[in-house]
Amino acid sequence: MAEGDPAAPYTDATRARLEMAFAAYELADLARAAVPIGEHELSPDGTTRSAGSTLADAAHILRAARRFFEAAAVFERVGGADWQLVGDTLGISAQAARDRFAVAEVCFREGSNGPRGEASWWRSYLAEEPLEAARDLDEWVLRHGDGEGDSDPGPTPVSGGLVRRVRAV
């Protein structure tokens, strides 16, 4: 499905969608890890053996959800959505949407660290090896497929949808 010159770089929208895919993968893995109850996690009276650890895990999941949320907003913006559409979709004003997501968009477009200054190894990996990063996500999707979807994702559920820039002739 990849379009354009195979030697051309990927479109900004493709890169933004890959960042969103990674954020979703990270969030899903963190949430999935919170489901099992470990054999020695609870005391005989049902209380936790490690005070604060569950809350710390939930905070980590919340941070990952925020990264996914920001990545989705950036993807929409890179795809052409104006601040009014973003705000309307979220039930907030266009200005509130801009205030909430503008820094994340600038960081994406500049290839810099995230809006809160966190280093993004993923962004570096994506910039250097976008196809390899997408193939890593292909493997993750195929490994975690639950068979409940209406359609077969095929062998390249992430990398198969990448789009390259069309070079002028």
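Things worth noting here:
- Criterion: touching a residue at least 24 places away in the same chain (Cβ under 8 Å) and polar (S, T, N, Q) - qualifying residue of THR47, THR14, THR54: THR14
- Any chance ALA59 is part of a helix (DSSP H, G or I) and in contact (Cβ under 8 Å) with a residue 60 or more places away in the chain: no
- Any hit, the stretch 37-44, residues being within 26 Å of ALA104 (Cβ to Cβ), free of Cβ contacts under 8 Å to residues at least 60 places away in the same chain and exposed (fewer than 14 other Cβ atoms within 10 Å of the Cβ): no
- First in the stretch 119-138 and touching a residue at least 12 places away in the same chain (Cβ under 8 Å), second anywhere and assigned to a loop (DSSP other than H, G, I, E, B) and surrounded by 13 or more Cβ atoms within 10 Å (Cβ to Cβ), Cβ under 6 Å, 6 or more apart: ALA134/VAL158; ALA134/LEU162; LEU137/VAL158; ASP138/THR156; ASP138/PRO157; ASP138/VAL158
- Among the residues of the stretch 17-48, those identified as assigned to a loop (DSSP other than H, G, I, E, B) and of a type in the set (Ser, Thr, Tyr) are SER43, THR47.
- Every residue from the stretch 69-116 that is of a type outside the set (A, V, I, L, M), over 23 Å from ALA28 (Cα atoms) and in a loop (DSSP other than H, G, I, E, B): GLY79, GLY80, ASP82, GLY91, SER93, GLY111, SER112
Bear in mind that the values in this text are calculations on the coordinates, not laboratory data. These numbers were taken from a predicted model, which means no experiment stands behind them. Neighbour counts run over all protein chains shown; Cβ positions are idealised from the backbone, glycine included.
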